[in-house]
Structure formats: structure tokens, C-alpha cells
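Structure first, commentary second.
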Amino acid sequence: MLEIKNLHAEIAGKTIIDGLTLTVRSGEVAAIMGPNGSGKSTLSYVISGRPGYEVTGGEVWLNGQNLLDLPAHERAAKGLFLAFQYPLEIPGVTTMTFLKAALNSQRKLRGEAELSTPDFMKKVRAAAATLGVKDDMLRRALNVGFSGGEKKRLEILQMVLLEPAFGILDETDSGLDIDALRIVSQGVNSLRSKERGFLVITHYQRLLDHIVPDTVHVMAKGRIVKTGGPELAHELERNGYRDYVAAAE
């Protein structure tokens, strides 16, 4: 599924990812936890192809495809999805227009026929109902004036519609109350399957109570320093990251 080998990356000449190696198998939900500044979000940006980050060494493979050879939109068409910590507002573009463009552009890149408007509307409304996304939200400009919880629900709605092969959630729990967290987690859990993998980036155990991971990785100083099962997240909740940060020095 996802295989990262000895990855090095920097931004503005500063090394952020420093020899990171990680494998996420098909059907696996892997969590990455770590202190601020450890490189977690940078890792998600490098995998997804966000501009401004220079890969200086290593490899990133998804289902046998070298992602580093592809621009961001082609990585998305190959089945990669990134849910941002802070979803962007796009004034003047309605949510429904954005969702239709995203869905049909990926279908086109994969050589599939675009969905008709009636089929698209049916698909969106069915998915929206499960995530508590109301029709008026779909008619408004994308994320403009939305609460943090509404923005995250819309992003998970986008993921549900795109049905990616691999989803990366970058601190999706940031700013969510318990009800929104539960709904967003339900959307993610509905996509869990043997053919799909997830990388869940978070600071806190509370998200992992709802999206229970198969593996937990501790990241410090730009690399993975510890890997374990779900119990590792509970240990981090009790004891913090201090010992792992010291070990990474």
C-alpha cells in the first residue's frame, strides 16, 4: 500500500523530514503521534505533493507507483487523499460546484465517464445525510463562514465521495467538539476496508478512541522513533513525548 523509504525533505533550506521510513499495509489504519515540530504535517504535505517542500532523498510508493514522480493532481487521481488540519475557504465557489469538479476531474484522469448532474446529486445527498451536512451548506461558498466542525465534515464528505485508495488525516480532530468528532470518525470508519489504508496524524488519544488504529508510530525530529499497537497511544497520553524526543537527539 504505502511505503516510505529513508525519506528526507526540507523547506527553505531547513531539514524537516530526516530519514523517515514507514510502511502502511492495505487495510491498515496507522496513527502517527508526536510533539509539535516533529514533522508530522510536513510528512503529509510531502506525500501529497504540496509545493514548497523539497525532497532531498528517499522514496514514497503507493501501490507500486512512485508518488515523487507525479504532480499533486496525479497523485490524487491514483487514489491519494489528504484531509487538511485547516481546510481552506474559497469565496465565490459553492460547495456543490467544488465537489462535482473534484469528483469528475478524478474520474476523467482515470478514463471514467463523468457523472451526470442527477447521479451526482443523488450520490452527494446520500453521503451528506450520514455526515450531518445539510443542503444549505452545500449551496454556500466552500467553507466560508463555516465552523471548524462543519469544515471537517465537508472534507470527510469529499473523501467519502472520492473513495480514495489511501487517506491521510492531518489532525482532523483539531477544533472539533465531541459530537462533531464522533460524526467525522463515523465517516472515516465507513470507508475502512481491506483495499484501503489510512494514515491518521494526531496529538491526542481521543481521536483514536473513535478511529481505532492497527498501529501507532511515534515521530520525533523528523523520523519514526517507536512503533507499537493501540496501547502505545495510551502510554503517550499518560507520559508524554519527552523520552522519545530525547531518544531522537
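The values are calculated or read from the model by the stated rules, or taken from the named source; none is laboratory data. Not measured: the values here are computed from a predicted model. Every residue, glycine as well, gets a Cβ built from its backbone with ideal geometry; the counts of neighbours run over all protein chains shown.
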List every residue pair whose Cβ atoms lie under 7 Å apart, where the two residues are 6 or more positions apart in sequence or sit on different chains, the first residue falls within segment 135-154 and is surrounded by fewer than 20 Cβ atoms within 10 Å (Cβ to Cβ), and the second residue, located anywhere, is acidic (D, E) and at pLDDT 90 or above. V144/E89
Out of the residues in segment 188-213 meeting the condition of being buried (at least 21 other Cβ atoms within 10 Å of the Cβ) and not hydrophobic (A, V, I, L, M, F, W, C), tell me which one is farthest from G149 (Cα to Cα). G197
Candidates V218, V245, filtered to the one that is out of contact with any helix residue (DSSP H, G or I) (no Cβ under 9 Å at 6 or more places or on another chain), over 26 Å from Q158 (Cβ atoms) and touching a residue at least 60 places away in the same chain (Cβ under 8 Å): V245
It is to be established whether one or more residues within segment 234-248 are surrounded by fewer than 21 Cβ atoms within 10 Å (Cβ to Cβ) and either in contact with a Phe, Trp or Tyr (Cβ under 6 Å, 6 or more places away or on another chain) or at positive phi (or both). yes
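Given I47, I16, which one is closer than 14 Å to I224 by Cα and not charged (D, E, K, R)?
Details: I47 fails: closer than 14 Å to I224 by Cα.
When all the criteria are applied, what remains is I16.
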Those residues of segment 95-116 that are in a helix (DSSP H, G or I) and under 21 Å from I156 (Cα atoms) come to a total of 13
Which of the residues belonging to segment 167-217 are charged (D, E, K, R), within 13 Å of the chain's Cα centre (by Cα) and under 20 Å from E3 (Cβ atoms)? D170, R196
For segment 40-76 the number of residues that are closer than 19 Å to H217 by Cα and of a type in the set (F, W, Y) is 2
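Restricting attention to strands (runs of 3 or more DSSP E) lying wholly within segment 1-81, give those where 1 or more residues are out of contact with any strand residue (DSSP E or B) (no Cβ under 8 Å at 6 or more places or on another chain) and surrounded by fewer than 16 Cβ atoms within 10 Å (Cβ to Cβ). It would help to see each step written out before you state the result.
Numbers: elements: 2-11, 14-24, 29-33, 54-62.
Fully inside segment 1-81 and qualifying: 14-24.
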